[in-house]
Amino acid sequence: KIVVTRTLLITADLLVGLALATLLLGLDCTKFLKEEPRVKLKMCYGAGVILGIGSILGLVGSVWYAVDVYVERAMLVSHNLFLGVHYDFGWSCWLGMAGSTGC
């Protein structure tokens with residue numbers, strides 16, 4: 001589960017980074033493809049689609065991790081068990097959710 005969650009989040013980070021670069025190149029104020037406004041517009045639309053896909057992957061990974069931590073902790077508490085290791089929601093989970101929502 002942890003490996004899949006990390007894979008989702010890393011993939012989301014890479015996609016969002018690619019989308020940011022594409023969006024910056026597609027802006028009207030850049031000199032990249034200045035003579036091709038339709039291509040720049042398509043680049044901006046493509047960046048929006050990539051941002052949407054990245055945000056979905058990031059939300060799925062972050063929420064999946066949060067739900068898994070909650071279910072695991074609730075199960076261990078209900079059985080009065082402590083294994084010596086526990087996971088927290090932490091800043092990474094909250095920032096992942098907030099960043100994905102922002103995308």
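The values are calculated or read from the model by the stated rules, or taken from the named source; none is laboratory data. These figures come from a predicted structure and were not determined experimentally. We place every Cβ from the backbone using ideal geometry, glycine too, and count neighbours over all the protein chains shown. For accessibility, only protein heavy atoms count, side chains too; no ligands or nucleic acids. Shrake-Rupley method; radii C 1.70, N 1.55, O 1.52, S 1.80 Å.
Annotations for the structure displayed:
- Solvent-accessible surface (1.4 angstrom probe) belonging to Phe82, in square angstrom, nearest 10: 150 Å²
- Among (i) 1.14; (ii) 1.22; (iii) 1.33, the entry that matches Rg/Rh (Cα atoms, Kirkwood Rh) as calculated here: (ii)
- The mean sequence separation of alpha-carbon pairs under 8 Å and at least six residues apart, normalised by the residue count of region 2-101, gives a relative contact order of 32 percent.
- Span-like helix criteria (full DSSP H runs; alpha carbon extent of at least 24 Å along the helix axis; mean Kyte-Doolittle hydropathy of at least 0.0) are satisfied in the chain by 2-26, 37-78.
- In the chain, excluding the sites themselves, the longest stretch lacking any of the trypsin sites (Lys or Arg not before Pro) that are in a DSSP loop with at most 14 other Cβ atoms within 10 Å is 35-103.
- Portion, in percent, of the accessible area of the chain that falls on carbon or sulfur, probe 1.4 Å: 72 percent
- Probe 1.4 Å, accessible area per residue of the chain, Å²: 73 Å²
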